[in-house]
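The next block holds one structure in the form of structure tokens; read it before the comments.
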Amino acid sequence: MGRVPFGPLAVSVLLLAVTGCGGAPTYPQEQLAGSLQSLLAGEQLKTSVQFIDHTVAVKLEFPGALSQAEGQVGLGPAFDEATRKVLTQIHRVLLSTDAEVRFYVLLLSDPGVPGIYLTLVRYMDDVRRAQANMLDTPEMFARTIFELNMAGPEPLTIDQYVPRDIRLEEFLSWQLVRRIQYALADALRESGLASVGRCSGEFRNGEFAFTLDVAPAAEQPLDDATLERVFQTSSAIVTKVLSSYQFDDFSAIRLIHPLTGRHLILPKDRLAAPLR
């Protein structure tokens, strides 16, 4: 998986598709998957739909949605059309149903680029807040999970890819990993003292844990000031995001820098803790 090079047009299409229609629910829970499948078929889209507990998953195959050249995978010329059509119908149904849908997942593939899948995950409360102009475009984009996955030769089915309900703590850990990585790259770019690789994170046993892939740009080790900035930048992002979601069902946050073996623990009732 890698960072997807979304351009301004792609961002505009994805955010435009956030808007939906108001009014009383018109898609009862028991008809949700079938109704969505019918609407997508009406758009001439080749899809499969699954509804598990509080998560709706849609798999879409669309020619030209992805591209591959010289070993690099990116967005294809038909990406905007594909996402506009599918997300418009997803929001149309999910914003007008009595089902308690918390997340939706889009798994996008292209028959011309076999084995590659683009995943998009959104939290429905974020969608509603964006619709009410409570989230601006950059924030909504930051709250959307985008990933490129490379699978095996056998095509994935939607039930294989999304076998169970998505939990909020999982979604937050996915989102926070990307936010931390981008914030660190931005914070350290000007100094040139360190480079940022691919960070990772998970929620386990009531604790968020994030591994920070930050290495010195030269042969010398990271100095204390740079390492302190790494932890401060990361903890500020985590604190801000969890607060914005009003999520407090955790015991602590652990920030780990494996290159030095140092870490920062932030208990829920404290904003900072000394490095160990």
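Nothing in this text is a laboratory measurement; each read-out follows from the coordinates by a stated rule. In this text the structure is predicted, and so the values were computed from the model without any measurement. As a convention, Cβ positions derive from the backbone with ideal geometry for all residues, glycine included, and neighbour counts pool all protein chains shown.
With contributions of -39500 (n - 2.57) from each DSSP H run of at least four residues, the per-residue ellipticity at 222 nm computed over the chain stands at -11000 deg cm²/dmol. Taking amide H atoms as placed 1.01 Å from N in the peptide plane, the amide H of ARG262 lies under 5 Å from those of HIS257, each 5 or more residues away in sequence or on another chain. The aspartates and glutamates whose alpha-carbon is closer than 17 Å to the alpha-carbon of LYS268, local same-chain residues fewer than 8 away aside, are GLU169, GLU202, GLU207, ASP248, ASP249.
Beta-bridge orientation, segment 170-267: approximately 75 percent antiparallel, per DSSP, counting only bridges with both partners inside. Take the Cα of GLU170, go 7 Å toward its beta carbon, and the backbone nitrogen atoms of segment 92-107 under 15 Å from that spot belong to 102-107.
Bridgeable aspartates and glutamates around LYS46 (alpha carbons under 13 Å apart, same-chain partners fewer than 8 residues away excluded): GLU61, ASP110.
Within the chain, DSSP assigns beta bridges of which about 75% are antiparallel (rounded to the nearest 5). Summary value for the chain: 15 percent relative contact order, contacts being C-alpha pairs under 8 angstrom separated by 6+ residues. Calculate the length of the line joining the C-alpha centroid of segment 80-144 to that of segment 196-220, in whole Å. When both Cα centres are located, 28 Å separates them.
Among GLY64, ILE90, VAL49, which residue has its Cα furthest toward the positive end of the charge dipole of the chain, with +1 on Lys/Arg Cβ and -1 on Asp/Glu Cβ? Positive-end residue among those listed: ILE90. The angle between the Cα long axis of helix 32-42 and the main principal axis of the chain comes to about 70°, on a 0 to 90 degree scale. Once the Cα atoms are used to define both axes, helix 168-189 deviates from the longest principal axis of the chain by about 50 degrees. Using θ = phi - 60° in the Karplus curve 6.51 cos²θ - 1.76 cosθ + 1.60, the 3J(HN,Hα) couplings for segment 139-144 round to 5, 5, 5, 5, 8, 9 Hz; x is entered for Gly and Pro. The phi-based Karplus calculation (6.51 cos²θ - 1.76 cosθ + 1.60; θ = phi - 60°) puts the 3J(HN,Hα) values of segment 87-94 at 6, 4, 6, 4, 5, 4, 7, 6 Hz, whole numbers, x for Gly and Pro. Over segment 170-267, what is the relative contact order in whole percent, taking alpha-carbon pairs under 8 Å and six or more residues apart? That works out to 29 percent. Dipole magnitude for the chain: about 260 debye, using +1 per Lys or Arg Cβ and -1 per Asp or Glu Cβ, origin at the Cα centre. Backbone phi angles across segment 54-63, fed through the Karplus curve with coefficients 6.51, -1.76 and 1.60 (θ = phi - 60°), yield HN-Hα couplings of 10, 10, 9, 10, 10, 10, 10, 10, 9, x Hz in residue order; Gly and Pro are listed as x. Restricting attention to segment 8-166, close to 75% of DSSP beta bridges with both partner residues there are antiparallel. Which parts of segment 74-106 would a label at SER48 reach, counting a residue when its backbone N lies under 11 Å from a point 7 Å out along Cα-to-Cβ? Those under the cut-off are none; the list is empty. Over all Cα atoms in the chain, the spread is summed up by Rg and Dmax: 20.0, 63 Å.
Packing, taken as the mean count of other beta carbons within 10 Å per residue, orders the peptides 257-270, 174-187 from highest to lowest as 174-187, 257-270.
Comparing THR226, THR47, THR97 in a Gaussian network model of the chain, where Cα atoms under 10 Å apart are tied by springs, the biggest mean-square fluctuation is seen for THR226.
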